[in-house]
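S.K.: Shown below is the structure under consideration.
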Amino acid sequence: MAVYAYVRVSSTDQNEDRQMIAMEQAGVPEGNVYIDKQSGKDFNRPNYKRLIKRLREGDILYILSIDRLGRNYEEIQNQWRIITKEKKVDIVVSDMPLLDTRRDKNLLGTFISDMVLQLLSFVAENERENIRSRQAAGIAAAKAKGVKFGRPVKEVSDEFAREVELWAKKEISLEEILQKYDMCRATFYRRVRELGLVNRRKR
């Protein structure tokens, strides 16, 4: 029997310390803790996959909370089944004692665990949808106030417009313009199109 833990944060700038402390308190060896720093929308995560391959019958897997496992209702249910039924590994959800498959392996215990799992996995996905809705609402509100998203548009001068005309007449090279204005080719052509400076370079 080996003891493992799975830790997940949604992005590289988030801190996993709270989860790591909980895993240390549970007695999980540091080398058996698998960490992913990405969204919980699906299970296409490199270290989660490595962990699943390493699990063997009789092992124990700790996670701090069900949303650290994932935020997709159906996939949480499916992964839980794979781990507990197919691989015959026990799962312990640290902040929810009812989700400890080592306990009450009778019919009633299994029923209670399944009900709690369904409720919590539903809550996890619902929260994910709420986050997406709040983000969309926030972006819409910001756009309504004139906030622009994406890369800032490079401002161009009248001189740039004149030099584009010279380029169109093949009197100066594209490299000269790119170097002078610190532009890449894609930006140059985009700015030319946006400003309607030339429709087609003369051949």
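The values are calculated or read from the model by the stated rules, or taken from the named source; none is laboratory data. Just so you know, these numbers come straight off a predicted model, no measurement behind them. All Cβ positions, glycine included, derive from the backbone under ideal geometry; neighbour counts span all protein chains shown.
S.K.: Name the single residue that is surrounded by the most Cβ atoms within 10 Å (Cβ to Cβ) among those in segment 1-43 being under 16 Å from Asp67 (Cα atoms), touching a strand residue (DSSP E or B) at 6+ places or on another chain (Cβ under 6 Å) and hydroxyl-bearing (Ser, Thr, Tyr).
M.R.: Within segment 1-43, the match that is surrounded by the most Cβ atoms within 10 Å (Cβ to Cβ) is Tyr6.
S.K.: Of the residues that sit in segment 88-106 and are of a type in the set (D, E, K, R), surrounded by fewer than 17 Cβ atoms within 10 Å (Cβ to Cβ) and out of contact with any Gly (no Cβ under 8 Å at 6 or more places or on another chain), which one is nearest to Arg45 (Cα to Cα)?
M.R.: That would be Asp95.
S.K.: Given the criteria modelled with pLDDT of 80 or more, out of contact with any strand residue (DSSP E or B) (no Cβ under 9 Å at 6 or more places or on another chain) and either part of a helix (DSSP H, G or I) or hydrophobic (A, V, I, L, M, F, W, C) (or both), does Gln179 qualify?
M.R.: Spelling it out, Gln179 is indeed modelled with pLDDT of 80 or more, out of contact with any strand residue (DSSP E or B) (no Cβ under 9 Å at 6 or more places or on another chain) and either part of a helix (DSSP H, G or I) or hydrophobic (A, V, I, L, M, F, W, C) (or both).
S.K.: Right, another one. Just the residues that are of a type in the set (Phe, Trp, Tyr) and under 20 Å from Asn72 (Cα atoms), please, taken from segment 1-47.
M.R.: Hits for segment 1-47 are Tyr6, Tyr34, Phe43.
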